[in-house]
Every structure is written in structure tokens, then in C-alpha cells.
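The structure appears right after this line, and notes come after that.
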Amino acid sequence: MLKDHDRPLGIKGRKQILKMKKYLAKHVKPPDQIITSTASRAFYTALFMADAWGIDENNLILNNAAYHADPQTLLDIIRGVNDPNILAIYGHNPGLTLLINSFHAKGIANLPTCGIMGFTFDIDNWRDLNSAHLMPNFYYTPQSIAESY
């Protein structure tokens, strides 16, 4: 039996990422950098999206600490980046949902598989990131986008 870390995307997850990558490639500005958990399913989701956005795989940073990270660890990872104007994080619940809810006044019940939430902010350096600087920008799930994708 595979360890959770090594578990691949299931059939449902593969179908969802194929749908999401088409939609996001057209509607969401690509990140300058992607940080992903080292878990197989997160890594392959990030790789599929990088391909859809035309991002070189060298801009994917594998970070073992993102695997089932709590919100503070995820925030520390984000605050540790240097250059990107747009950053994407691929990881796991409940950490991602809890992190989103620490930044989002209304909150969400759960960030589903292949769900994506974007925030805009006005800071000079990632290390200055906190909830006071963030405004939700978009939230897409496989269920929320048009079936034509």
C-alpha cells in the first residue's frame, strides 16, 4: 500500500485538473513562481498547471514542509520567497483552507481538490505579508467553472 505522500492523483483529480488548467490558463494570470508540496498529487497538479500557463518547470519549487503544513508553516514558506510578483502554492487541507480563512473575512468551508483562491495585496516584500494587506480576488473550483471547460 502506498504512503499518503506517494499517492497519485485519482481519476476524479485528473479529470478536475484537466478542466481547471484549461480555464485557469485563459482566466488567471500565471504566477512567476510555484511552490508545491513534495507529495505526488500536489506536485503533479502544480506541474499540469505550470504546463498550461507556459511556466518553465525550473520555476517550480518543491518544498517538503508544505506537505500537510499548518497555516503558520505555509505563511512562513510564503514569507520566505524573494522575487515573484505572483506566487502559487500547491498543498493540502486542512492547512490551505485554514490559511485562506485567516486571510478571508467570510471564509470558506473547504478548498476542494483543484480549487484555487487568489488574493491581491500591497506590500513591498513577501515577509511583510499579513491578513491586513490581503483582498480576495478570485475563487474557482471544478464545480464553479463552466462545464464547457
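Read-outs: derived from the displayed coordinates by stated rules, not from any lab. Model, not experiment: these values are computed from the prediction. For neighbour counting, all protein chains shown are included, and Cβ atoms are generated from backbone atoms with ideal geometry for every residue, glycine included.
If you wrap the stretch 18-140's Cα atoms in a convex hull and average its projection over all directions, what's the area in nm²?
With the hull built on Cα positions only, its mean projection is 6.8 nm².
If R0 is 30 Å, what FRET efficiency do you get for LYS3 and TYR139 from their C-beta distance, rounded to 0.05?
0.45
What's the exposure ranking of MET117, MET20, going from fewest to most Cβ atoms within 10 Å?
MET117, MET20
If you consider only alpha-carbon coordinates, what radius of gyration and Dmax does the stretch 84-149 have, in Å?
Taking only Cα atoms of the stretch 84-149, I get Rg and Dmax of 12.7, 40 Å.
Just want to confirm a number: the relative contact order over the chain, from Cα pairs under 8 angstrom separated by 6+ residues, in percent.
Values: 223 pairs, mean separation 35.5, N = 149.
So the answer I get is 24 percent.
Jot down the per residue volume, in cubic angstrom and as a whole number, of the convex hull over the alpha-carbon atoms of the stretch 8-86.
Looking at the stretch 8-86, the number lands at 95 Å³ per residue.
Just grab the label-to-label distance for ILE86 and ASN58, each label 7 Å out from Cα along the Cβ direction, in nm (one decimal).
2.1
State the antiparallel share, in %, of DSSP beta bridges confined to the chain, rounding to the nearest 5.
45
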